[in-house]
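Okay, so here's the structure we're looking at.
The values are calculated or read from the model by the stated rules, or taken from the named source; none is laboratory data. The shown structure was predicted, so the numbers you read here are calculated from the model rather than taken from an experiment. Glycine gets a Cβ as well: all are built from the backbone with ideal geometry, and neighbour counts include every protein chain shown. Side chains included, ligands, DNA and RNA excluded: accessible areas come from the protein's heavy atoms. Shrake-Rupley method; radii C 1.70, N 1.55, O 1.52, S 1.80 Å.
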Amino acid sequence: MKHLFKYTVYAAVVAILASCADLNIKPLSELATGNWYASESEIEMSVDDWYRPDFFQIDEFYWSDDCLFRDRENEITLGTINSQTGFVGTRWSNCYKAISRAFGVIAGLESGAAQNLSKEKYNQFMGESYCMIGFSYGQLVTYFGDCILAKTSMGLDDAYNATRSPKAEVIQYAYECLDKAAELLPNSYSGRKRLTKGAALGFKSRFALQVGDWATAVDACEKCMALNVYSLHSNYKDLFTATSSPELMFYFQGDISVPYGVGPFSNVRNFTLRTLGAHTNTGPSYQLYSSYLCVDGLPIDESPLYEPKDPFRNRDPRMAYTIQPFKTPYSPDYEEYLKAREDGTFAEKYPDYLFIGAVEFTPNPYVTKVFDARKKALVTTSDTKATQLHSVYTGLPLRKYSKPSWADFASHNLAADNIYPYLRYAEVLMNFIEAKNELGTCTQADLDKSINKVRERAYAGTGIDYPRVELTDQASLRKIIRMERRMEFAFENTRYRDMLRWRIAEKVYNTPSYYLPRVWSGSAQWNGKRGAEANCELSEDFLKLLDNWDKGEYPFGGIPSIDENGLPDLSPMEKAGYIAVFKERFFDASKNYLWPIPADDILVNPNITQNPGY
């Protein structure tokens with residue numbers, strides 16, 4: 001038994017001992033014998049096994065306030081997370097599995113067992129191992145705070161007596177490992193995407209930002225930027241359907257021939273329209289919808305350009321690249337838009353209003369038919385309140401990542417082959433400027449080489465001059481930076497971590513999530529008319545929804561106020577009846593900024609303390 005756990009650090013050991021479950025301490029590509037790591041191929045098989053989301057964990061879209069998941073709320077947003085929550089134990093144990101396996105590779109390399117291993121390959125495998133250790137400890141600090149710190153392989157006796165180390169000590173060791181990785185890893189590879197020097201520095205900046213270590217974050221960002229390896233993709237819209245980009249520093253990609261989708265792309269039926277046979281039960285929230293600036297760089301409660309009756313007009317381009325846009329009767333070209341639906345020219349004139357280039361999307365509650373570009377004709381829709389109670393729940397489908405192959409989700413076991421952007425260069429630039437601002441050392445030159453580059457790219461190809469961020473006071477810049485991050489990284493799973501480190505989760509989660517009122521025409525055969533012309537009786541609540549559309553108050557009327565953290569207040573819209581409460585959420589600031597330590601680990605070793613409140 002001791003031989004089996006030779007290279008196992010604490011958490012993997014105690015989790016095994018606490019239950020009869022097989023925690024898969026060794027990956028399938030490794031052997032539990034001393035003969036392993038005897039060749040380059042064996043080491044590479046072991047290292048390759050780390051390149052999956054089990055070890056580079058992906059937060060769920062619906063943990064953040066950017067997303068509404070119609071099926072349910074969850075342990076994060078309801079504040080019900082506890083020491084027996086499944087993903088808590090999985091993340092803890094997988095981080096320690098990764099650390100254990102990385103120490104195993106390092107020990108194998110240092111033993112010299114591998115024959116004819118080039119210095120280049122030796123450095124690569126050592127660099128990947130140290131990067132895996134540093135990344136995993138950074139993850140543990142982010143979600144659990146203090147944690148078990150092992151700097152070498154840990155035996156059983158040590159494991160039984162291990163205690164949690166202060167997070168400051170753990171994060172310093174994570175930095176050391178990531179620095180070693182940056183020294184050893186190459187700038188780039190040909191072929192398969194692997195951990196690089198830039199990725200190690202990028203992850204270091206992420207974790208430094210998470211713990212408020214501004215100087216370290218700036219240093220890591222500057223070193224990454226100085227590599228001159230990465231650049232922003234030329235177009236924000238195309239980045240999320242691209243198969244490669246100089247901006248992507250670390251990513252995963254699905255393969256529909258398997259079929260396999262990464263993270264959220266394992267089931268794109270959740271994002272695809274009902275008219276295409278899907279569910280659309282996951283999509284952008286009203287909070288995100290209200291957080292996009294206007295083209296003058298101001299929030300919607302400050303900008304004279306905001307048109308609440310035509311909400312996509314004059315907004316930051318990333319809004320319509322992330323949320324499927326729609327026209328309203330108050331759009332200047334609305335009559336031409338309607339004519340194009342009828343004369344068959346819609347696809348040529350209004351391609352941005354076709355979901356994945358296939359069918360028109362509109363939340364218009366009068367509309368029973370939409371334009372189908374494949375058939376060049378109007379077809380019955382299932383995505384409006386005119387024909388379907390369960391139409392898009394917020395009236396806001398996700399456009400980001402969407403592409404034509406999503407229409408064939410049923411043939412691919414619901415999966416899509418999208419790239420999941422785990423770390424991209426825009427994050428390094430935004431990490432840099434946030435840390436500089438928090439240090440109080442931000443200059444206009446800093447703004448121009450970071451946030452202004454990100455914003456300029458967002459406007460690329462639009463013909464609109466981007467609103468340059470000008471140097472101002474620290475508090476004002478903080479709000480600008482926070483809102484920019486939200487616009488730039490929506491549905492990339494940075495938002496939950498941002499809310500934790502900004503200490504705003506208690507403000508976010510102690511307000512409800514919202515969707516459209518649960519009303520519809522009552523008949524899939526409704527003719528889209530009201531009054532004496534209607535072919536069925538319409539409820540008063542549905543008539544109110546139609547009135548809202550007619551008045552340009554859809555999905556809601558009025559302008560929400562935006563606070564110093566960029567958070568919109570939607571309570572007036574709820575009180576007015578424009579939107580309805582989906583779920584009441586809850587966050588206990590005294591405990592929920594950290595996750596609990598898994599119960600099984602504490603059961604085996606009472607020296608491990610629990611996080612406060614759990």
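When the residues Glu553, Glu533 are ordered by accessible surface, computed with a 1.4 Å probe over the protein chains alone, the sequence from largest down reads Glu533, Glu553. Arg206 contributes an accessible area of around 10 Å² to the protein surface, as traced by a 1.4 Å probe with all chains present.
Adding -39500 (n - 2.57) for every DSSP H run of four residues or longer, then dividing by how many residues the chain holds, sets the calculated 222 nm ellipticity at -11000 deg cm²/dmol. 3J(HN,Hα) along region 600-614, derived from phi through the Karplus expression 6.51 cos²θ - 1.76 cosθ + 1.60 where θ = phi - 60°, amounts to 4, 5, 5, 4, 7, 10, x, 5, 7, 8, 8, 5, x, x, 9 Hz, with x in place of Gly and Pro.
In this structure, the amide hydrogen of Gln253, modeled 1.01 Å from its nitrogen in the peptide plane, lies closer than 5 angstrom to those of Tyr420, counting only residues at least 5 positions away or on a different chain.
If you plug the beta carbon distance of Asp343 and Thr241 into 1/(1 + (r/R0)^6) with R0 = 25 Å, you get a FRET efficiency near 0.30. Taking a ≥ b ≥ c as the square roots of the Cα gyration tensor eigenvalues, region 274-370 comes out oblate, since a/c reaches at least 1.5 and a/b does not exceed b/c. The C-alpha atoms of the chain define a longest principal axis, and helix 119-144 lies at about 60 degrees to it.
Placing +1 on each Lys and Arg Cβ and -1 on each Asp and Glu Cβ, with no other charges, gives the chain a dipole about its Cα centre of roughly 600 debye. Pairs spanning more than 18 Å between alpha-carbon atoms, out of Lys237/Lys400; Lys119/Lys204; Lys400/Lys453: Lys119/Lys204; Lys400/Lys453.
Put simply, the amide H of Phe489, placed in the peptide plane, has no neighbours under 5 Å, leaving out anything fewer than 5 places away on its chain. Here Lys529 is the anchor, and the lysines within straight C-alpha reach of less than 29 Å, apart from those fewer than 8 places off in the same chain, are Lys309, Lys327, Lys339, Lys349, Lys369, Lys375, Lys376, Lys385, Lys544, Lys551, Lys575. If R0 equals 45 Å, the separation of the Cβ atoms of Lys544 and Ala589 corresponds to a calculated FRET efficiency of about 0.75. Taking only the Cα atoms of region 450-592, the radius of gyration and Dmax are 20.4, 60 Å. Each residue of region 177-184 was assigned a 3J(HN,Hα) from its phi angle through the Karplus curve 6.51 cos²θ - 1.76 cosθ + 1.60 (θ = phi - 60°); the sequence is 5, 5, 5, 4, 4, 5, 5, 8 Hz, with glycine and proline shown as x. Normalised per residue, the accessible area of the chain is 38 Å², obtained with a 1.4 Å probe and no contribution from ligands, DNA or RNA. Solvent-accessible surface of protein heavy atoms, probed at 1.4 angstrom with all chains present, puts Ile559, Ile433 in the order Ile559, Ile433, largest first.
Between Lys479 and Ser231, the contour length at 0.36 nm per residue exceeds the alpha carbon distance by 86.8 nm.
Coupling constants for region 65-73 follow from the phi torsions by the Karplus curve (6.51 cos²θ - 1.76 cosθ + 1.60, θ = phi - 60°), and in residue order they are 7, 7, 10, 10, 10, 4, 4, 5, 7 Hz; glycine and proline get x.
Among rounded, prolate and oblate, which fits region 389-442 when a ≥ b ≥ c are the square roots of the eigenvalues of its C-alpha gyration tensor, a/c under 1.5 means rounded, and a/b larger than b/c means prolate? Oblate shape, in that a/c is at least 1.5 and b/c is the bigger or equal ratio.
Classify region 444-498 from the C-alpha gyration tensor, please: rounded if a/c falls under 1.5, else prolate or oblate depending on whether a/b exceeds b/c. Here region 444-498 falls in the oblate category. In this simple spin-label approximation, Glu564 and Arg530 carry label points 7 Å from Cα along the Cα→Cβ vector, and these lie 4.3 nm apart. Amide H contacts for Ile148 (H built 1.01 Å from N in the peptide plane; partners 5 or more residues away or on another chain; cut-off under 5 Å): Ser165. In terms of accessible area, using a 1.4 Å probe and ignoring ligands and nucleic acids, Met132, Met154 rank largest first as Met154, Met132. Gain on full extension, evaluated as 0.36 nm per residue between Asp352 and Ala38 minus their Cα-Cα distance, stands at 107.5 nm. Ignoring aspartates and glutamates fewer than eight residues from Lys591 along the same chain, the ones with Cα atoms less than 12 angstrom from its Cα are Glu506.
One decimal place: the segment Arg468-Lys575 gains 34.9 nm when fully extended, by the rule 0.36 nm per residue minus the C-alpha distance. Cβ-Cβ distance of Ala215 and Asp333, R₀ of 51 Å, FRET efficiency by 1/(1 + (r/R0)^6): the value works out to about 0.50.
Leu201 sits with roughly 10 Å² accessible to a 1.4 Å probe, with DNA, RNA and ligands left out of the calculation. By a 1.4 Å probe calculation restricted to protein chains, Leu439 has an accessible surface near 80 Å², given to the nearest 10.
The per residue volume of the convex hull around the alpha-carbon atoms of region 213-336 is 203 Å³.
Does a label point 7 Å from the Cα of Tyr614, set along Cα-to-beta-carbon, have any residues of region 170-206 with amide nitrogen under 18 Å, and which are they? Zone members listed by number: 170-171.
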